[in-house]
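Notes follow once the structure below has been shown.
Nothing in this text is a laboratory measurement; each read-out follows from the coordinates by a stated rule. Since the model is a prediction, treat every value here as computed from it, not as a measurement. All Cβ positions, glycine included, derive from the backbone under ideal geometry; neighbour counts span all protein chains shown.
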């Protein structure tokens, strides 16, 4: 859990963070499953969302399987180090968490539906870990891209907390914050579980259904 004596479950400050670099990580432009672009520009009318739910390999696959999702990409967000490497993020000295960038068509899948996928796809009560994966890079997070997403994310958190409490589960620790930067992870991480069929996937949900987007909590169909 610690590297060179440092607790990787403790967030670093901006002053402690690694310096990073000015150049972005080079990645291929096409999704290994959909064939669509994973880097901007995206087609007109698409929106983007960013979620952190533990190891990004499994998280990315959860999202690309949903109809209406145009493409996905993995990367880093919520930290201080510009354009970090995977090794730097793993050191716990960048402040980033592993995230999935989801490009989606709101005419086919709503942001609220994506939030439901997010909440049900992992355990958002575990703090700086997800299962056996420990460290700040595995914390649960929603990084919003506009005011509407912020409102919907906060509302969905309240709704899911009620469901978790009813089921006897703990308190949600998910970070919800405006997206500052999304840094692409190295190319070999993109669609990793498509390229490596027997690859590791350490995330799993609580088994508690999230009622957002079902019509149960607000009358929305």
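Working from label points 7 Å from Cα in the Cα-to-Cβ sense, the residue 173 to residue 145 distance is 2.8 nm. Scattering from the C-alpha atoms of the chain alone, worked out with Debye: what is log10 I(q)/I(0) at q = 0.08, 0.15, 0.17 1/Å? With no solvent term, the Cα-only Debye profile gives -0.26, -0.97, -1.25. Taking label points 7 Å from Cα along the Cα-to-Cβ direction, residue 180 and residue 132 give a separation of 3.3 nm. Of 110, 22, 155, the residue with the greatest mean-square motion in the GNM of the chain, using alpha carbon springs below 10 Å, is 22.
Pick out which of 109, 172, 203 has the largest mean-square fluctuation in a Gaussian network model of the chain, springs linking Cα atoms closer than 10 Å. Taking springs between Cα atoms under 10 Å, the residue moving most is 109. Pairs of Cα atoms under 8 Å, at least six residues apart: use those to get the relative contact order of the chain, whole percent. The value is 28 percent. Put in line by how crowded their Cβ is, counting other Cβ atoms within 10 Å and starting with the fewest, 57, 119, 64 read 64, 57, 119. Each of residue 23 and residue 9 was given a label point 7 Å from its Cα along the Cα-to-Cβ line. The distance between the two points is 3.8 nm. Shape analysis of region 96-221 based on the Cα gyration tensor places the equivalent ellipsoid semi-axes at 24, 19, 15 Å, largest first.
Taking 150, 167, 73 in turn, the Gaussian network model of the chain (Cα-Cα springs below 10 Å) assigns the largest fluctuation to 167.
If the Kirkwood radius is taken over C-alpha pairs of region 159-215, then at 25 °C and 0.890 mPa s the Stokes-Einstein diffusion coefficient equals 163 µm²/s.
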